[in-house]
Amino acid sequence: MLDINYWFFAQLANFILLFIILNAMLFKPFLRLFKERDDNTKGALQSAAEMDKKKDDVLAQINGKLSEARGKAKLTFEELSSAGMEIQRKTLESSQAEAVEINKKAKADLAAATEKARAKLKSDVETFAKQIVEKLVGA
């Protein structure tokens, strides 16, 4: 006949009771801790991916604004450069016209002074010629 060993049942009951207690006090908290850690890791990775996407969007916006600002600066530079060239051209033309006028006036003054000197020399030559003739004839 079969011998029933009561120690076996006592050990089985002890094992089941210990399993239930350890499950409630040790295994479930550890499993919950591992699940929270896994959720935190997945959340952090997802958050990092979202931040990376936002960073790329912000960089694209910054690059767009930067290229727009460069275009405006280039346009402003070209406008100011052409305005400066126009001012330089006008100043050069007016300076050249003024120089031509000064040159004409100087030539006219020189011509007038030359005519005056010639007229004076002519009268002086006539006076000297008369004096020479008088001295030659009267001598």
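Taking the criterion of being assigned to a helix (DSSP H, G or I) and surrounded by fewer than 10 Cβ atoms within 10 Å (Cβ to Cβ), the residues of the stretch 123-139 that qualify are 135, 136, 137, 138.
Checked against (1) surrounded by 10 or more Cβ atoms within 10 Å (Cβ to Cβ); (2) over 26 Å from the mean Cα position of the chain (by Cα); (3) of a type in the set (D, E, K, R), residue 74 passes all but condition (2).
Bear in mind these aren't lab numbers, they're just calculated from the coordinates by the rules spelled out. In this text the structure is predicted, and so the values were computed from the model without any measurement. Quick reminder, even Gly has a Cβ in these numbers, built from the backbone with ideal geometry, and neighbours come from all protein chains shown.
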